[in-house]
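The values are calculated or read from the model by the stated rules, or taken from the named source; none is laboratory data. No experiment lies behind these values; they were computed from the predicted model shown. So basically every Cβ, Gly included, is an ideal-geometry build from the backbone, and we count neighbours across all protein chains shown. These accessible areas exclude ligands, DNA and RNA; they are computed on the full protein's heavy atoms, side chains included. Shrake-Rupley method; radii C 1.70, N 1.55, O 1.52, S 1.80 Å.
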Amino acid sequence: VDMARPILTPAEIPVRLPGDKIVNQRVKIENERAAKPIHAHITCVSMGNPHCVVFEDFLDVGKFPLEDFGPKFERDPLFPEGVNTEFVNVINDHEVKMRVWERGSGETWACGTGACAVAACVLSGRTGRRVLVHLRGGDLEIEWDERADTVWMTGPAAFVCDCECNPKEFGQ
């Protein structure tokens, strides 16, 4: 799937930080639920929705308490529209492990735009332009095509369920 060009301009993401791009910038995240502030290195990207990618070598994303930290990023004043936050371990220059906190939803096991936001790995020099992203819901291959300036996503699709909605339940 052609996921389009990543947006890197802070005002367009949006993120309230100065500069042309937010790449590997150290920030302090605080909010009313935080017992103490979080200090993190972030790279911000929009893939049509805002993403904050967190790289901290000491974190094991598989054991990371995402439910404690995801909401703190989501609601921080740095992100006026909220933010999806990806916590990433770089395995090597073409493979990463990622978990994502999606604004308004909580942990999401498979997030295509979040996987595409790992373009942040390229920006920060952590990987090449083709990366295999391991998510709890499965793997996605992401390639940031420099010539076309677009991000390509390749991965499986799976049937999840059938449902029927009653419009009256939604106020219609």
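Quick check: at a probe of 1.4 Å, how many percent of the accessible area of the stretch 1-61 sits on carbon and sulfur atoms?
Summing carbon and sulfur atoms, their accessible area is 48 percent of the total for the stretch 1-61.
Going out from 0 in 5 Å bins, what whole percent of all Cα-Cα distances in the chain drops into each bin?
Calculated over all Cα pairs of the chain, the distribution is 1, 9, 17, 22, 19, 14, 8, 5, 3, 1, 0 percent.
Under the 0.36 nm per residue contour assumption, what length would be gained going from the current alpha-carbon distance of E141 and N24 to full extension?
Working: separation 117, 0.36 × 117 = 42.12 nm, distance 2.25 nm.
Additional length available on full extension: 39.9 nm.
Per residue of the chain, what 222 nm ellipticity follows from adding -39500 (n - 2.57) for every DSSP H run with n ≥ 4, rounded to the nearest 500?
-2500 deg cm²/dmol
What shape does the stretch 11-101 take by its C-alpha gyration tensor, where a ≥ b ≥ c are the square roots of the eigenvalues and a/c under 1.5 counts as rounded, a/b above b/c as prolate, and the rest as oblate? All intermediate terms of the calculation are to be shown ahead of the outcome.
Numbers: a/c = 1.65, a/b = 1.14, b/c = 1.45.
The shape class here is oblate.
Spelling out what I want: for every residue of the stretch 151-158, take phi, set θ = phi - 60°, compute 6.51 cos²θ - 1.76 cosθ + 1.60 (Karplus), and round to whole Hz; glycine and proline get x.
9, 9, 10, 10, x, x, 10, 9
How much accessible area per residue does the chain have, in Å², with a 1.4 Å probe?
55
Based only on Cα atoms, what Rg/Rh ratio does the stretch 82-135 have, Rh being taken as Kirkwood's radius? Write out the running numbers ahead of the final one.
Numbers: Rg = 10.7 Å, Rh = 11.1 Å.
That ratio equals 0.96.
Between F159 and E107, what is the spin-label point distance in nm, taking each point 7 Å from the Cα along the Cα→C-beta axis?
2.8
What is the percent carbon and sulfur in the accessible area of the stretch 77-133, measuring with a 1.4 Å probe over the protein chains and ignoring ligands?
Here carbon and sulfur together make up 51 percent of the probe-accessible area.
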